[in-house]
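Take a look at the structure below.
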Amino acid sequence: MDLIRISDSKLKVMLSVDDMAHYGITCEAINYENTETRRAIWEILDEAKQKTGFDAASDRIFIQVYPSRDGGCELYITKIGGGEVPGIGGGTALSPMRMGRCAYRFCRLEDLLTVCAILRHRRYDGESAAYADGSGYYLIVSEQIPSGKGGLRPYGFIEEYGERLQGQARVAYIEEYADPLSRAGAVEQLGPLR
């Protein structure tokens, strides 16, 4: 396990396949609602405190999980205290989150443009793409997805305008078969049109 203290409030943890086996966790199944995951995270944080001085015992934490190419994973652990979660428009973390690409379907172009305008206003800086086909308009965004049930979805407001589509297969299908309106930077390109 490699530990890199990025700042007083942020720690990067690189876990190898062997580290993952040692802690009894997998990148896909990390879920802070799970007792084994919680135990593993606190063991990692205890070691981080000893080796780097990063102490998260008295703070709430925000965890980002990314699979690494070698089969392990990288964790970014941010101390948030009782405050805001960095990068998600002032929301508060209720459970650890991981990055994912989500697709939303809109019946009207106007709704897609409104959502892009709101995201742009909130300074959304993730990846975004927009598509259309005979049945509607689609926005694909990268967002932090809660790993536990009932967790906060930082861009849940989008569901007031359109339908959230489940599964990465839907994202791939849209990218393959729908007509692109903007393959990259859709929020920046389409937001000003509303």
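The values are calculated or read from the model by the stated rules, or taken from the named source; none is laboratory data. Quick caveat: nothing in here was measured; it's all calculated off a predicted structure. Backbone-built Cβ (ideal geometry, glycine too); neighbour counts: all protein chains shown.
Exactly one of these conditions fails for Ile80: (1) hydrophobic (A, V, I, L, M, F, W, C); (2) at pLDDT below 90; (3) loosely packed, with under 14 Cβ neighbours inside 10 Å. Give me its number. Going through the list (1) hydrophobic (A, V, I, L, M, F, W, C); (2) at pLDDT below 90; (3) loosely packed, with under 14 Cβ neighbours inside 10 Å, Ile80 breaks only (3). The lone criterion from (1) assigned to a loop (DSSP other than H, G, I, E, B); (2) modelled with pLDDT of 85 or more left unmet by Pro154 is number (2).
Here's the yes/no breakdown for (1) under 26 Å from Ser68 (Cβ atoms); (2) modelled with pLDDT of 85 or more; (3) not assigned by TED's automatic domain parsing to the domain that holds Thr78:
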position	(1), (2), (3)
Glu110	no, yes, yes
Ala130	no, yes, yes
Lys149	no, no, yes
Ala172	yes, yes, yes
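Checked against (1) assigned to a loop (DSSP other than H, G, I, E, B); (2) modelled with pLDDT of 85 or more, Glu74 passes all but a single condition, namely (1).
Being outside any strand (DSSP E or B) and under 26 Å from Ser142 (Cβ atoms) is the requirement here; does Tyr32 meet it? The answer is yes for Tyr32.
Quick one: Asp70 ticks every box in (1) surrounded by 13 or more Cβ atoms within 10 Å (Cβ to Cβ); (2) touching a residue at least 40 places away in the same chain (Cβ under 8 Å) bar one, so which box is it? So Asp70 meets the others, but not (1). Does Leu139 count as modelled with pLDDT of 95 or more, more than 30 Å from Ala29 (Cβ to Cβ) and not in a loop (DSSP other than H, G, I, E, B)? No, not satisfied.
Hey, could you check the stretch 159-183 for residues that are in a loop (DSSP other than H, G, I, E, B) and in contact with an Asp or Glu (Cβ under 7 Å, 6 or more places away or on another chain) and say which is surrounded by the fewest Cβ atoms within 10 Å (Cβ to Cβ)?
To start, the set of residues in the stretch 159-183 that are in a loop (DSSP other than H, G, I, E, B) comprises 161-162, 166-167, 178, 183.
Applying the additional criterion that residues be in contact with an Asp or Glu (Cβ under 7 Å, 6 or more places away or on another chain) yields 161-162, 178.
Values: Tyr161: 18, Gly162: 21, Ala178: 20.
Top of the filtered list is Tyr161.
Beta carbons closer than 9 Å, at least 6 apart along the sequence or on distinct chains, pair a first residue in the stretch 28-54 that is at pLDDT 90 or above with a second that is surrounded by fewer than 19 Cβ atoms within 10 Å (Cβ to Cβ) and aromatic (Phe, Trp, Tyr) for Glu43/Tyr23; Ile44/Tyr23.
Do you know which residues across the stretch 2-29 are in a loop (DSSP other than H, G, I, E, B) and surrounded by 17 or more Cβ atoms within 10 Å (Cβ to Cβ)? Reasoning before the result, please.
The initial filter retains those residues of the stretch 2-29 that are in a loop (DSSP other than H, G, I, E, B), namely 6-9, 16, 24-29.
Of everything in the stretch 2-29, those that are in a loop (DSSP other than H, G, I, E, B) and surrounded by 17 or more Cβ atoms within 10 Å (Cβ to Cβ) turn out to be Ser9, Ile25, Cys27.
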